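The values are calculated or read from the model by the stated rules, or taken from the named source; none is laboratory data. For clarity, every value in this text was computed on a predicted model and none was experimentally measured. Glycine gets a Cβ as well: all are built from the backbone with ideal geometry, and neighbour counts include every protein chain shown. These area figures cover heavy atoms from the full protein model, side chains too; ligands, DNA and RNA do not enter into them. Shrake-Rupley method; radii C 1.70, N 1.55, O 1.52, S 1.80 Å.
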Amino acid sequence: MKIFDMICGRVFPDEARIDSTMAKLPGARALTSTEVKDYLRDDPGHGWVIQASTSNIVITLEAPPVHACAVRMTNTDGVIDEAVWQQLIAAAQARAGGGFTIVPPRTIELGAIESRVSGVQKQNADGAAEAIYLIRTAPRAARPPAQGGIEIRMVRQLVPARR
């Protein structure tokens with residue numbers, strides 16, 4: 001959550017500053033184009049990975065038109081400190097000028113994968129939007145996995161104003 005707050009919450013969307021920060025971060029490795037495609041599918045972008053014990057921390061930047069910064073923690077038990085997460089969300093909303101609404105929690109099933117999504121979002125009159133999501137993704141067959149197997153993804157997404 002500290003990496004998400006620093007990179008996605010405070011520095012994003014300044015990608016040059018993020019690139020510079022990540023280049024100096026010990027243990028951070030740029031994702032290969034194949035790895036980027038694994039995370040972003042057909043969307044353009046780039047990212048990094050940091051080994052963290054039995055998990056990886058993966059940071060991705062998705063290029064506009066939907067500009068997104070995400071931090072994923074792979075192979076977790078799916079548990080986070082919810083109070084700290086709520087503090088991060090409140091601080092991010094304040095930095096963005098408020099006006100966010102809660103996104104009703106929902107579950108998305110794609111094949112053998114289940115994702116539980118929650119978060120906040122706001123939309124401006126000009127069509128610009130911002131959202132912050134917490135997504136827990138796991139194989140449905142192992143609901144919930146006993147040890148690890150859940151990816152936690154924190155996302156800050158920016159949509160530009162309509163022209």
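Laid out as a table, the results:
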item: Test for I18: is it in contact with a helix residue (DSSP H, G or I) (Cβ under 8 Å, 6 or more places away or on another chain), part of a strand (DSSP E or B), hydrophobic (A, V, I, L, M, F, W, C) and open to solvent by less than 30 Å² (accessible area, probe 1.4 Å); result: no
item: Residue match in region 5-18 (condition: among the small types (G, A, S) and within 20 Å of A96 (Cβ to Cβ)); result: yes
item: Of residues in region 91-110 being open to solvent by 70 Å² or more (accessible area, probe 1.4 Å) and touching a residue at least 24 places away in the same chain (Cβ under 8 Å), the one farthest from I7 (Cα to Cα); result: E109
item: The lone exception for V84 - which of (1) outside any strand (DSSP E or B); (2) farther than 15 Å from M1 by Cβ it fails; result: (2)
item: Of all residues in region 29-52 being open to solvent by less than 40 Å² (accessible area, probe 1.4 Å) and free of Cβ contacts under 8 Å to residues at least 24 places away in the same chain, the one that is farthest from A70 (Cα to Cα); result: A52
